[in-house]
Amino acid sequence: MGQRTVPAGGSPRRRRSPSLGAAILAGIGVGLYPDEEEALQRVYRPGRTFEPNDELARQYAEGFEVYRELYPALKTVHYRLK
């Protein structure tokens, strides 16, 4: 299962799957595939590309600035929110 990414600003991102890499290496180790190239050709399927969303990035940045202003005033009572 891939990692979730937030479509904020920046470069396009793809989901990553460390478990797929581990499975490929295991397949090579037990002789299912002769090498990395063959394993990748047989196993890898390109996934979705998540394009940046500059408007969401701007909204997140504004919200984070509000958080940074509020945090010093609320840090002494924050523990009560649990």
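Read-outs throughout are calculated quantities, based only on the coordinates presented, and are distinct from any laboratory measurement. Bear in mind the structure is a predicted one, so any value in this text is a computation, not a measurement. Cβ sites come from the backbone with ideal geometry, for glycine too, and all protein chains shown count toward neighbours.
Miscellaneous remarks
- Long-range HN-HN contacts of residue 53 with modeled amide H, under 5 Å: 8, 9
- The trypsin sites (Lys or Arg not before Pro) found in region 14-44 that occupy coil by DSSP, while having at most 16 further C-beta atoms within 10 Å, are 15, 16.
- Packing around the peptides 70-81, 27-38, taken as the average count of other Cβ atoms within 10 Å per residue, puts them in this order, highest first: 27-38, 70-81.
- Size check on region 13-81: the Cα extents along the three principal axes, sorted descending, read 60, 31, 14 Å.
- Across region 73-82, rounded Karplus estimates of 3J(HN,Hα) from the backbone phi angles (6.51 cos²θ - 1.76 cosθ + 1.60, θ = phi - 60°) give 6, 9, 5, 6, 10, 4, 4, 6, 7, 5 Hz, Gly and Pro being marked x.
- In region 22-68, the chymotrypsin sites (Phe, Trp or Tyr not before Pro) that fall in loop regions by DSSP, at most 16 other Cβ within 10 Å: 44
- Taking every C-alpha pair closer than 8 Å and separated by at least 6 residues, the mean separation divided by the residue count of region 13-81 gives a relative contact order of 31 percent.
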